[in-house]
Amino acid sequence: MTSPLDPKRINRLLFGVYFEDDIYERLCRKFPRLMRLFWWRMDPVFRRRNLLFIHVPRAAGMSVARALGAAGTRHYSARYFATIDPGWFAATPSFALIRDPIDRFISGYSYMRAAGAEGVHMAAVIADQTRHITSVDAYLDYLEGRDVFDLDFVMRPQCWFVTDLDGQVMVKKLFILGEDDAALAEYLKPQGIDAIPHVNRSRRQTLELTDAQRRRVEKIYAGDFALIDSLRAQRAAAAANGNFAAE
């Protein structure tokens, strides 16, 4: 059990959220102009490279962050960066990796069951809340109806990280993990990145979801399915024209 003095429990008591990142996310919503004073909280790697990476958990985000030399343990949304430095955000190339929602759900379930992954531990307060979960249905029960700020980052919809509050994509380039890998490699070449290390591995469980479970996943992550469908339609149209479009 976590201590009452656990920092995340204190965050919850004072700010209504567990994670420090979410304190700033909420402040960005309530005091957007004031949050411009926090422009200095931008990872200096992004400014130096003139490239912003939005880290979507369980979509090879840690691996890409490591390749860029950025901190891989922060999970700020595009909204956060656009709020603390709107001019820089608008003028700077930005990208993110997203993942097939079913595949990511299974990865997230495996991460939850193991209370973390290689070199990364799930927050103790979330591990305590999910310790009783030993089945996919129980995990779905846990996810359904919860506010996004009550969830670990690996459990949150991918669209939460890359869209505005109206669901419009804010990131300039989106790549689908496993489908756009060659295009991503080409995109990162000007940054002097020849290979992306594979870090933050989790023990992947072999799962075959039932039809009922898939429907529940589709409902929970409806925005992610819509986003992926839109991107795949763009890929198909680009392929028909002999081009690749990552936007």
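Of note:
- In units of the rule-of-thumb radius 2.2 N^0.38 Å, the chain shows an alpha carbon radius of gyration of 1.01.
- P(r) tail fraction, segment 82-203 - alpha-carbon pairs more than 20 Å apart, %: 55
- Heavy-atom accessible surface of segment 1-98: percent carbon and sulfur, 1.4 Å: 61
- Shape annotation for segment 30-76: C-alpha extents along the principal axes are 33, 23, 14 Å, from largest to smallest.
- Over 18 Å [Cα-Cα, segment 92-142], rounded percent: 40
- Gained length - Asp141 relative to Ala238, 0.36 nm times residue gap less alpha-carbon distance: 31.0 nm
- Total lysine pairs in the chain at Cα distances under 27 Å, for residues eight or more apart or on different chains: 6.
The values are calculated or read from the model by the stated rules, or taken from the named source; none is laboratory data. Just so it is clear, the structure is predicted and the values come from calculations on it, not from any experiment. Accessible surface areas use protein heavy atoms only, side chains included; no ligands, DNA or RNA. Shrake-Rupley method; radii C 1.70, N 1.55, O 1.52, S 1.80 Å.
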